[in-house]
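Each remark here refers to the structure printed beneath this line.
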Amino acid sequence: MTKMVDPKGNNFKYNYYTKHNILDATSAENVVYAFTYDSYGNPVTSKIKDAAGTTVINSKATYTTDGNYISEVEDSEGNKVLYSYNSTKGTLDKLTDAKGNETNYVYDNLDRLQSVSKSVDGKTI
């Protein structure tokens, strides 16, 4: 699909990379949504520019070396969220937010989530 027209006649245009991932999409209001991908096809950057060409959102994602899991997300203001996984089972063990607060996940032997604990300012809640 390279173009979509809504019931009101507004166009949304799409451009693609050779691997069929969306390179960018432009709305009828000339807002541009642009994306880049890693060698695994995972989205790495997402940018939104308004009609004047000003970037209003610019996010970046980093993945584990095998490309299977997201390891970090950074927003337009440089705030990062970190993700840690059990490399054998692929379960999310810990999430660390931009303020350093941690959320820990515990699973049973069938990888079913058993508990979630959160640490805020060094205190577990």
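Since every read-out is calculated from the coordinates, none of them should be taken as a lab result. Because the structure is predicted, anything quoted here is derived from the model rather than measured. Please note: Cβ atoms are built from the backbone with ideal geometry, for glycine as well, and neighbour counts cover all protein chains shown.
Within segment 36-63, whose backbone N sits under 13 Å from a point 7 Å along Cα→Cβ of residue 75?
Under cut-off, by backbone N: 57-60.
Spin-label point model (7 Å from Cα, Cβ direction): what's the residue 39 to residue 6 distance in nm?
Rounded to a tenth, the inter-label distance reads 4.0 nm.
If you wrap a convex hull around the Cα atoms of segment 1-57, how much volume per residue is inside, in Å³?
Details: hull volume 4.5 nm³, N = 57.
Cα-based convex hull of segment 1-57, divided per residue, equals 80 Å³.
Rg to Rh ratio, the chain, alpha-carbon atoms and Kirkwood radius?
Numbers: Rg = 18.9 Å, Rh = 17.2 Å.
For the chain, the value is 1.10.
Under a point spin-label approximation (7 Å from Cα along Cα-to-Cβ), what is the residue 98-residue 57 distance to one decimal in nm?
Output for this residue pair reads 1.4 nm.
With a point put 7 Å past each Cα toward its Cβ, work out how far residue 107 is from residue 84 in nm, to one decimal.
Taking the simple label geometry, residue 107 and residue 84 are separated by 1.6 nm.
For residue 64 and residue 119, calculate 0.36 nm times their separation in residues minus their Cα-Cα distance, and state this gained length in nm to one decimal.
Result: 17.4 nm gained on full extension.
Evaluate the relative contact order of segment 10-96 (contact order divided by residue number), counting alpha-carbon pairs under 8 angstrom at least 6 apart; express in whole percent.
Values: 159 pairs, mean separation 11.8, N = 87.
RCO, segment 10-96: 14 percent.
Where the only charges are on Cβ atoms (+1 Lys, Arg; -1 Asp, Glu), what is the dipole of segment 7-59 about its Cα centre, to the nearest 20 debye? Spell out each step's value before the answer.
Numbers: 5 positive and 4 negative charges, 22 e Å.
Dipole about the Cα centre, nearest 20: 100 debye.
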